[in-house]
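The values are calculated or read from the model by the stated rules, or taken from the named source; none is laboratory data. Worth saying up front: this structure is predicted, and the values here are computed from it rather than measured. All Cβ positions, glycine included, derive from the backbone under ideal geometry; neighbour counts span all protein chains shown. We work out accessible area using only protein heavy atoms, side chains counted, and drop any ligands, DNA or RNA first. Shrake-Rupley method; radii C 1.70, N 1.55, O 1.52, S 1.80 Å.
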Amino acid sequence: MSLGHRIANLFSRSLRSRVEREIDEELRSHLEMRTDDNIAAGMSPEEGRRDALLRFGNPVSMKEKTTGADVTLGIGSVWADIRFAFRQLHRSPVLAWTSILILALGIGASTAIFSAVKPILLDPLPYTDAGRIMMLWEMKGSARALPVTFATFHGIAEKNNSFDAIAAMKPWQPTIVAADRPERFEGQRVSAEFFRTLGIVPLLGRDFNASDDRFRGPNVVILSDALWRRRFASDMSIVGRQVRLDENLYTVIGVMPSSFENVLAPAAELWAPLQYDPSLPADGREWGHHLRMVGRLRKGVSREQATSELALIVNGLAQIYVKGYDSTGGAPVGMSVNELRSDLTRGVRPALLAVLSAVLLVLLIACVNVTNLLLARGAQRQAEFAMRVALGAAPGRMVRQLLTESLVIALLGAALGIVIAMTGVRALVALSPPGLPRVSAMSVDGGVFLFALGLTTLIGVAVGLVPALQASRNDLQTGLRQSARRTTGERQWTRRILVMTEVSLAAVLLVSTGLLLRTMQHLFSVDPGFDASNLLMMQVQASGRRFDSDAAALRFFDEALEQVRRVPGVVSAGLTAELPLNGDADVYGVEFAGENNPNGEPALRYAVTPGYIETMHIPLRRGRLFNEHDGPGAPTVVLISEAFANRKFPGRDPIGQRVRVGLDAGHPDKPWATIVGVLGNVKQQSLAMGDSDAFYVSTAHWAWVDLAQFVVVRTHGDAAALAPAVRDAIWSVDKDEPIVRVATMDKLLAASEAERHFVLMLFEAFALVGLLLAATGIYGLLAGSVSERIREIGVRSALGASRGSILALVIRQGMALTVAGMLVGLVGAAVATRAIAALLFGVSRLDPVTYVGVTALLICVSAVACFIPAHRAATVNPVEALRAE
């Protein structure tokens, strides 16, 4: 049975039930009256009731006949209303299609945005008891939340009583060497409890166990369903087979189900155990802040209880592992425990709520616009309404008819809006910033469809109620006397108020858009600390067993850099383990000589080659840069950022000061390094963030050679055009090493503010639609007013009124509405822009430049909207106008 038939049957049963109750009461009343009459005539009560029943016949049969007739009449009346609504739309196709398109735009945009907001902010995560899954972060001084060290994870996993399971994870990018070129995969190194913490089991094979995650344990891997299907053709015998990753053989022990959504690393396609050393050597990788930690709370344990217990545990760990924690800037002061969904969405929640508010404003403007159109149409149908009242139509019947017409318009708009929403969702997925979680879950599903259906019903009633109520209050005599070209004063005032509402809502959208636009201008006027023009970057990963020794890895990168420098068009080139604005932050401790602070100061670490700073055009404020003499075996020298120097050495020269950096910090047996230069501040995580403390060390002097490094190249011309040649130069040294993240620094600079740009783009679209709808409302009101006042304008012209005075009369009417709506809107904007305050940078939400600019734009657009009907009024021929009357 089709959905339409089911709805019709449901409606029929509801109507039949109501009618049956009414008929039961009526039959009972008639039987009682007839029985009373018989008793009054001398019959006994039993005889009187029996006679009454005989006269009325079988009550059940009579009720069935009456009910069937009334239900048929009721359904027929509803279908008659629907048919009449379609006939009215056919008679006014321009108004009908304009209303449908406006509502389709509003409903479609709202549904598309709701499709994005729903999986991110409203739906539970796709895990069993997802509300019990928590993200755990180390808390350092000044309440900074950091990724955890393995030592912290290991200690908490052993000692806690608050969690059923706890897991740690870090990115893993293994390489498979294909026939033509190496392919790098996105994956994760995880502890054995990772999938159990999320409540997911493999579709094929088995999960990790404790023996897999031991130090120097077996090479085992679990594949995602997508990778299994794409790379291994859905081979059901994959479990037990070996695959070569980074020149090492790994045994496949499992395949995850296709339904598994990894919100912690959406791009990950394979997983292997962490296999860290549980003995926690003081100079090992176990102390780096590079692991994310997730846990599943036990039932009955609150987040607050878990936080208190973890604080006690890390306090004990800090006393046991003093040296290890000192190498990374000190032990944690506690742990932050956040619900997984809240943790994932914390950064994007303000932006999504702001966008949702903006699209609801657009929808409201669309509804107001359609209401205005229906009011204008109602003004032309006053004589029709009056005639129907004269023929006996009840006010309720009139209201029902007009609401049916508006619901038909809304449903047709919704049907087209769903198509717009599907297109919009695809566009949102394509344009969404990289950090937006659960992008793959965005779709027009059943929940979204119900949202659109409910929204449509609400809109249908809302846009039709005001015209319907006004039509039901039509005075019979006035309605029959008035021509179709006249409108009552009450109706005119209603339409004017609606137009002012449109203008005020559009002003709120425009101010919000203006503030975001000014924010982007301020952001991109911020000095990032380097010159991004003609700058190309790409990441090279040294993978395979031949790079187990630091000497081999260092030799490969040195040779690759030398080949890159020989490429025609390359001005200079350098290598760095950490690139500004790439989304990473590598923090290590810095211990200064003469200070009683063995923990050191946390600062960003840049391990770079000579030539990198010159290539980036990072300014040298004091001292010197790295040179060819700062190689292996030479004394360690360090550069620090200007912000770091000003904070640690106010009014003093930092050149020559001694420091220990990284794993050497806090270790008296390690040699001191010397500060030889101070560099300008570089923005690392965002243009909107303040200047960070940072230190630079030569790759030859760092504790290890980073196997993933960025090649940075300054070119004579178009940097992007030189990418293939630079890539080939690197592969001339070793063709098996993957090269990824190829981009110009200009693009990376823009991508660093992708979230704000995404929000601005949507606000610009919504503001443009709102402005056009507001201008359309002003134009429609004035055009209708001119049509209704043709005789008055003709009389004015005949009595000597100039064209200029008539033009000014109409424009003044429209601009008065604009100014009134604009004033209300600007006040509303001052309040509403609190919703986007978190997205603003360098500009107040009461920025006068924005408000003045929006005022000027609204006045200009409104003037154009007013001029067209005003010009028509000014060119009215008085003779023809009076003859038509």
Output yes when any residue across the stretch 556-563 is more than 27 Å from Ala721 (Cα to Cα) and buried (at least 22 other Cβ atoms within 10 Å of the Cβ), and no when none is. no
If we scan the stretch 183-192, do we find a residue that is in contact with a Gly (Cβ under 8 Å, 6 or more places away or on another chain), in contact (Cβ under 8 Å) with a residue 24 or more places away in the chain and in a strand (DSSP E or B)? no
Is at least one residue of the stretch 217-224 under 30 Å from Ala427 (Cβ atoms) and at pLDDT 95 or above? yes
Take the stretch 834-849 and flag every residue that is open to solvent by 20 Å² or more (accessible area, probe 1.4 Å) and touching a Pro at 6+ places or on another chain (Cβ under 9 Å). Ala835, Ala837, Ala838
Scan of the stretch 772-806 for residues that are surrounded by fewer than 18 Cβ atoms within 10 Å (Cβ to Cβ) and assigned to a loop (DSSP other than H, G, I, E, B), ordered by number: Leu799, Gly800, Ala801, Ser802
For Val831, state whether it is out of contact with any Pro (no Cβ under 7 Å at 6 or more places or on another chain), at pLDDT below 90 and either closer than 30 Å to Arg349 by Cβ or open to solvent by 70 Å² or more (accessible area, probe 1.4 Å) (or both). no
What are the pairs with Cβ atoms under 7 angstrom where one residue, in the stretch 307-328, is open to solvent by less than 20 Å² (accessible area, probe 1.4 Å) and β-branched (Val, Ile, Thr) and the other, located anywhere, is modelled with pLDDT under 90 and part of a helix (DSSP H, G or I)? Sequence gap at least six, or different chains. Thr328/Trp287
Counting only residues in the stretch 274-295 that are part of a strand (DSSP E or B) and crowded, with 22+ Cβ neighbours inside 10 Å, the one modelled with the lowest pLDDT is identified as Leu291
Would you check which residues across the stretch 692-724 are closer than 18 Å to Pro738 by Cβ and outside any strand (DSSP E or B) and list them? Val705, Asp706, Leu707, Ala723, Pro724
Search result, residues across the stretch 595-642 that are on the phi > 0 side of the Ramachandran plot, among the small types (Gly, Ala, Ser), touching a residue at least 12 places away in the same chain (Cβ under 8 Å) and in a loop (DSSP other than H, G, I, E, B): Gly600, Gly611
Quickly run through the stretch 204-236 and pick out the residues that are open to solvent by 40 Å² or more (accessible area, probe 1.4 Å), of a type in the set (A, V, I, L, M) and within 34 Å of the chain's Cα centre (by Cα). Ala226
Tell me which residues, restricted to the stretch 329-347, are open to solvent by less than 10 Å² (accessible area, probe 1.4 Å) and over 28 Å from Trp287 (Cβ atoms). Thr345
Lone qualifier among Val252, Val239, Val201 - being over 36 Å from the mean Cα position of the chain (by Cα) and surrounded by fewer than 21 Cβ atoms within 10 Å (Cβ to Cβ): Val239
Just name the residue that is surrounded by the fewest Cβ atoms within 10 Å (Cβ to Cβ) out of those in the stretch 732-749 that are in contact (Cβ under 8 Å) with a residue 24 or more places away in the chain and in a helix (DSSP H, G or I). Asp746
Here is a list of conditions, (1) β-branched (Val, Ile, Thr); (2) surrounded by 21 or more Cβ atoms within 10 Å (Cβ to Cβ); (3) out of contact with any Ser or Thr (no Cβ under 7 Å at 6 or more places or on another chain), and Val503 meets all of them except one; can you say which number that is? (3)
Index of the failed condition, Ser308 passing every other in (1) part of a helix (DSSP H, G or I); (2) in contact with a His (Cβ under 7 Å, 6 or more places away or on another chain): (2)
Residues in the stretch 117-138: is at least one touching an Asp or Glu at 6+ places or on another chain (Cβ under 7 Å), outside any strand (DSSP E or B) and either open to solvent by less than 20 Å² (accessible area, probe 1.4 Å) or among the aliphatic types (A, V, I, L, M) (or both)? no
Residue check, Ser259 against (1) modelled with pLDDT under 95; (2) surrounded by fewer than 14 Cβ atoms within 10 Å (Cβ to Cβ); (3) under 27 Å from Phe153 (Cα atoms), all met but one. Which one? (3)
Which of the residues that make up the stretch 148-183 are under 29 Å from Ala603 (Cβ atoms) and at pLDDT below 90? Gln173
Within the bounds of the stretch 262-273, is there any residue that is outside any strand (DSSP E or B) and surrounded by fewer than 16 Cβ atoms within 10 Å (Cβ to Cβ)? yes
Ala820 being in a helix (DSSP H, G or I) and surrounded by fewer than 14 Cβ atoms within 10 Å (Cβ to Cβ): no
Which of the residues spanning the stretch 423-465 are surrounded by fewer than 21 Cβ atoms within 10 Å (Cβ to Cβ) and modelled with pLDDT under 80? Pro434, Gly435, Val461, Ala462, Leu465
Just a yes or no: is a residue in the stretch 631-648 open to solvent by less than 50 Å² (accessible area, probe 1.4 Å), closer than 26 Å to Asp283 by Cα and among the aromatic types (Phe, Trp, Tyr)? yes
Hey, can you tell me all the residues within the stretch 545-569 that are more than 19 Å from Ser698 (Cα to Cα) and either under 39 Å from the mean Cα position of the chain (by Cα) or free of Cβ contacts under 8 Å to residues at least 60 places away in the same chain (or both)? Asp548
I need the full set of residues from the stretch 205-236 which are of a type in the set (D, E, K, R) and in a helix (DSSP H, G or I), in order please. Asp225, Arg229, Arg230, Arg231
